[in-house]
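So the structure is just underneath, and the comments pick up after that.
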Amino acid sequence: MDKDDLKEVDKEQGKVHPKFFEKTVQDNFGSDPYKLIIELIKNAADSYMRLGATISPPFEIFVEIDTRFKGFMPYIEVRDNAEGMSSDDLERALEYGAPPSAKTENANTSSEKGVGLKDVLMSLGDNRIITVKNNKVTIASKDKNFDTIFLGYKAGEREWIISKNEREKYKLKGNGTIVSGFLPKFFLDKKFETIKSKLEKHYLLRKLLQCEDFKIYIIDRKSNQSRPILLKYSEPKISKVLVDDSFEIEYEGKTYSAQIKINEAKESLGPLSKPFGSAGLLVYSGKYTVLDLILGNYKNDSRLYKIFGEVHLDLDGLEQKIRNGEEKPLVDTARHGLIPENMFNKNLFEAIDKYLKEILEINVEPEYGLDSVEEKEFVRKVNKIYGKDVSGNVGGGGTYIPIRPENFELYPQYVPLPESEDKVIYLVVNSKILSKLHSINILSKDPDLQLSTSKIDLEDEKSNTDGFIVKQIKIHSDKIGLETEIVANTTEINHESISGVIVVENPLYNPENGFSFVPNKTSIVKGGSKKVSLSLIKNLINSEINEIKLETEGPISCPGKIIIPTANLNKKLIKNVLIEEIDVKAEGEVGAEAYITATYGNKTSTIKIKIIEEPSIGGFMKHIELSPDERAKEIAHFDETGTLTVYYKHPLFKMYMANKNFKSRPDFITFFADTITREIIKAAIIRGMQNNSPSFPQTTPGYITFEDVDAYFTREYYEKGPELHELSKHLIKKLKFL
Amino acid sequence: MHNIKSDEDLIREFKEFENSYENIDKDRLLLYVVWYLESKGIEPTLQKITVAAFKLFPKSFSLLGFPEYPDGFTVYYTVWLHDTKTKGLLVGSVQSGFSLSNKGKYYIEEVKKILSGEIKLNKVYRRITKTKELTFIEMLKKTTAYEKYKSNAKDEISEWEILKALRVETDPEHKFKEALRRYTEYAIRLNDTDILDFLKFLEQKMGGKYG
């Protein structure tokens, strides 16, 4: 943006209401602001095309971006050396409701109705258009009132002979046009690299970038070198050409021809995604006028994620209908794409769908997947088989114990124990000291803390010579507030371990207001069920009221009432509290909330229940999935995230899958099951060694050697292999076609 | 006036812990620092904990690239958010100083045994704070170029994969050399020789194409 001494020399009043403009801008650029820049580039390209044979390619278009203005959006300038405009041409071009450029009828241009340039100028801040034709320059801008302001040096003089200095300044050697201004805030992108990259990917610019006659350069004014970089579109790598054909479209008694080319990419391109995606068929006319990016009625079909190509339409006189049809136009005015209601487009889509359907039937191989419920069950069972061996020390109930003591230690070091509730703590003993030890004493320092045992006998563990022995000790206390210690010691060696215990109030025996759900909020896995506890203190129990009413709100179900036992009531009370467990089933979707309100006499209590996703699976294995990736060298791979991927397009698999009814053939099932079994065993051994599991000790501490893995593999394959094999066979039978 | 050493002078005399501590988590190490200060009759304020942690365990509490300076932020974050607010091993605040909670008094016994080697941990903890350098090198290790490099499929690494690995997705003429320099700097700071070799390989593979 240069400061100059130009001033207003003339004005053409705007003839449009601001609301109209807002709507136009919103329709044209709201969802895809890159159309602003593309509109200018295409205007420049059209201008070159109108010159026809009078000039020869390359036709250069320059897009300069300046991001140096702090607090402002990037400044843009689009420049061409095409036909330029006289001041009268410019006045018409900037008038709302103006007809298309004079010579479009026979030129092979993108042939729009004349709305683009004005809309873009109005959207640009501090906008300006400089145009030179026949050695005369005209400079104008659009102001907020839609007036066209002509700039110059003398009042009333809209154009003048361009000086040498002005030519140098504007970089216009002959005729040409420059449009410039600050990009609007809704453009969002501010970085040069981002703008460049998105322009190169934009589907509307794709054919123009592929057209050899045009060279579109982008320049970063912020960069010291400011050298022009050629914009290029990189087409996906083609694996094979699926269709290269032509077809005809009947419309209003006339036949229009079209050429279609469909390729399969080497890698998945993902779903059809406008404006920057590569998947889909680019429909265009003329040399570069892109009308849409489509996949007919198959746009959401994942089997076509590798499909890309183009459809070239010979519109032959239909150009005027592209955006101005008597029925529905071919393309909507905001260039969102082909309008499906238009009869021409309907016939076009029908023809394209035929090709795609054929591709699906012949070329696209079936995709396979696993049933998600079966997969989860499989993973859960594998983790159960390998839980202890892989995780190192695991106490009862699957609790992971993260320590490896030299002698023995209690775990954890400090326990908050709810009153009148059992809790388990652990004693971890290093098997190396078993030769010196026969037993370990476990003592409570306060008689109000009861232990399930006072002595851990180690005689039976003598045969265990490697790894760690984990023993459970149940602890219990009814005395709230008790702070005491548990001591593990022995007279045989000089060592002891201490855990602190604090007895905390248990809300089950101290319900709020004497009648309450404990806790008063919980979550249930989608489709699952859970028991919730309701506490009622003895003092509130009235012999005349023998039931608790339960009312639900939201997607859960539970019994409508609980009958309070009359006979032997005292036997059912714990610490003078009646605790009822209620079965609740979740029936809604993840995220849904529900409530149960319990009423007993004049007392009520409510529990809030949230339906949640099944929590992530605990254990070394998290998922098993099938992948159609053909490049994989291995048949299956177990990665660090715990995912076992089976590549079912591996040549060995394909060999089996080529057979009819392969899913029920024993040779296929055995092969598949063995592949999975071996990978799981290998992964479990490596994970176990990494975690210093006593089941997989490292011969050289700190190193996982091939020899170690190999030795353990043979052992594991015989010990755990059969069970894993059976599980895998069951899973494979549930293989499904996606 | 008696010639009594100030808390600060006492801390200045602390020596690095002799046994290996690099693989022990910072939560436990700071619990030890607070206990150690208390055992020496020094009031554990945040400033004293920061310097004491740096003196006792410099490999765990120094700034990446500046091993001569203490990492005050990590100390604050760990003492306050982990040991005090989340785990309840310490009580106190920056204003009042910190001390071991009842729970912390039991845990410190385990920490002392871990530091003396009497108890080993199954998990090896990360010594380096997750800085920008570590984040980017970790991301580099997850790229297909690195995976192919590690699995001896070096010939299969494409130019695009190299540029993508270094996050140079546009304008490689300008950015490639700079990205390579920056990643090399990160790898040196992290002393990651494997990544340094990988970066050298990438440079050779590109054969001076981008300067």
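Since every read-out is calculated from the coordinates, none of them should be taken as a lab result. Given the structure is predicted, the values throughout are model-derived calculations rather than measurements. In this analysis, Cβ positions are derived from the backbone assuming ideal geometry, glycine residues included, and neighbour counts consider all displayed protein chains.
Summary table below
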item: Spread of Cα-to-Cα distances over 5 Å intervals beginning at zero, given as percent, for region B:142-211; result: 4, 18, 30, 28, 17, 4, 0
item: Filter on A:Lys720/B:Lys141; A:Lys474/B:Lys113; A:Lys479/A:Lys521 - keep pairs with C-alpha separation over 28 Å; result: A:Lys720/B:Lys141
item: Local net charge near A:Gly174, Cβ-Cβ under 14 Å (Lys/Arg +1, Asp/Glu -1); result: +2
item: Test item: A:495-506 mean partner chain Cβ contacts at 10 Å; result: 2
item: Diffusion coefficient, µm² s⁻¹, Stokes-Einstein with Kirkwood Rh over alpha-carbon pairs of chain B at 4 °C and 1.567 mPa s; result: 65
item: Length gained when the stretch A:Glu505-A:Arg715 is fully extended (0.36 nm per residue, less Cα-Cα span); result: 70.7 nm
item: Label-point separation in nm, A:Lys423 to A:Ile238, each point 7 Å along Cα→Cβ; result: 7.0
item: Rough spin-label spacing in nm, given labels placed 7 Å along Cα→Cβ, for B:Lys112 and B:Lys5; result: 2.1
item: Debye, to nearest 20: dipole size of region A:463-574, +1 on Lys, Arg Cβ, -1 on Asp, Glu Cβ; result: 580
item: Net charge dipole size for chain A [Lys, Arg +1 and Asp, Glu -1 on Cβ; Debye, nearest 20]; result: 780
item: Shape category assigned to region B:7-116 from the gyration tensor of Cα positions, a/c cut at 1.5; result: rounded
item: Per-residue average of Cβ from other chains inside 10 Å of B:113-121; result: 4
item: Contour excess over end-to-end distance, with Cα ends at A:Asn576 and A:Thr491 and 0.36 nm allotted per residue; result: 26.3 nm
item: Mean shadow area of chain A, taken as a quarter of the surface of its Cα convex hull (nm²); result: 49.7
item: A:Gly337 long-range amide H proximity, modeled H, under 5 Å; result: A:Asp332
item: Local net charge near A:Tyr718, Cβ-Cβ under 14 Å (Lys/Arg +1, Asp/Glu -1); result: -2
item: Helix-derived mean residue ellipticity, 222 nm - over chain B, DSSP H n ≥ 4, -39500 (n - 2.57), to 500; result: -15500 deg cm²/dmol
item: Extension reserve of the A:Lys254-A:Phe706 stretch, reckoned as 0.36 nm per residue once the Cα distance is removed; result: 155.4 nm
item: Loop-located GluC sites (Glu not before Pro) in region A:168-250, at most 16 other Cβ atoms within 10 Å (DSSP); result: A:Glu212
item: By average C-beta atoms within 10 angstrom, highest first, the peptides A:657-667, A:477-487; result: A:477-487, A:657-667
item: Pairwise FRET efficiency - A:Phe186 versus A:Asn135, Cβ, R0 = 35 Å, nearest 0.05; result: 0.35
item: Label zone at A:Lys215 (point 7 Å along Cα-to-Cβ), backbone N below 15 Å, region A:39-63; result: A:56-63
item: Residue-averaged 222 nm ellipticity for chain A, from DSSP H runs of 4+ at -39500 (n - 2.57), nearest 500; result: -7000 deg cm²/dmol
item: R0 of 30 Å, Cβ-Cβ distance A:Ser435-A:Lys530: FRET efficiency to nearest 0.05; result: 0.05
item: Net dipole in debye of region B:7-116 [+1 Lys, Arg Cβ; -1 Asp, Glu Cβ; about Cα centre; nearest 20]; result: 340
item: Distance-filtered residues of region A:570-591 - backbone nitrogen under 14 Å, label point 7 angstrom along A:Ser372 Cα→Cβ; result: A:589-591
item: Rough spin-label spacing in nm, given labels placed 7 Å along Cα→Cβ, for A:Asn513 and A:Gln13; result: 7.4
item: Region A:623-737: relative contact order as a whole-number percent, Cα under 8 Å and 6+ apart; result: 24
item: FRET efficiency for B:Lys142 and A:Ala155, using Cβ-Cβ distance with R0 set to 56 Å, rounded to 0.05; result: 0.25
item: Distance violations [Cα-Cα > 23 Å] among A:Lys423/A:Lys608; A:Lys42/A:Lys198; A:Lys538/A:Lys571; A:Lys376/A:Lys654; A:Lys201/A:Lys299; B:Lys112/B:Lys132; result: A:Lys423/A:Lys608; A:Lys376/A:Lys654; B:Lys112/B:Lys132
